[in-house]
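I have placed the structure first, in the form of structure tokens, so that the comments after it can refer back to it.
The values are calculated or read from the model by the stated rules, or taken from the named source; none is laboratory data. Model, not experiment: these values are computed from the prediction. Every residue, glycine as well, gets a Cβ built from its backbone with ideal geometry; the counts of neighbours run over all protein chains shown.
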């Protein structure tokens with residue numbers, strides 16, 4: 001089924017009326033209607049990444065790894081994060097008035113401190129092997 005271009009040229013793509021003075025693909029009324037419809041739509045987070053499936057997510061992650069744009073923290077950075085998290089938990093534990101809640105926060109802080117020690121040990125091991 002072929003399209004006769006002589007019949008299509010100069011007509012609006014949406015309503016089929018003559019374009020008149022407006023540029024293609026739509027006439028002035030359809031263009032105004034389309035402009036109003038589009039501007040009323042507001043996306044909550046235009047930068048939010050939406051994946052349709054696990055394969056899409058894995059494909060994006062693999063492409064980021066190939067391009068070198070995927071951020072992977074080093075052992076030192078992970079240790080510093082654990083240290084700062086431990087310090088913030090200790091500060092919260094000091095402010096707690098109940099003993100049980102303070103003890104729970106203190107135990108969590110000690111857990112993050114131990115994680116930081118392990119991460120620093122791994123960092124020193126990586127540094128030693130790289131020399």
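Please work out if residue 126 is part of a helix (DSSP H, G or I) and at pLDDT 80 or above. Break it down stepwise before answering.
Working: part of a helix (DSSP H, G or I): yes; at pLDDT 80 or above: yes.
It is true that residue 126 is part of a helix (DSSP H, G or I) and at pLDDT 80 or above.
Pull up the range 63-79, narrow it to residues that are touching a residue at least 12 places away in the same chain (Cβ under 8 Å) and either out of contact with any helix residue (DSSP H, G or I) (no Cβ under 9 Å at 6 or more places or on another chain) or surrounded by 15 or more Cβ atoms within 10 Å (Cβ to Cβ) (or both), then point me to the one that is nearest to residue 112 (Cα to Cα).
79
Considering only the range 1-79, give the helices (runs of 4 or more DSSP H) lying wholly within it that have at least 3 residues that are more than 30 Å from residue 127 (Cα to Cα) and at pLDDT below 75.
Answer list for the range 1-79: 5-8, 28-40.
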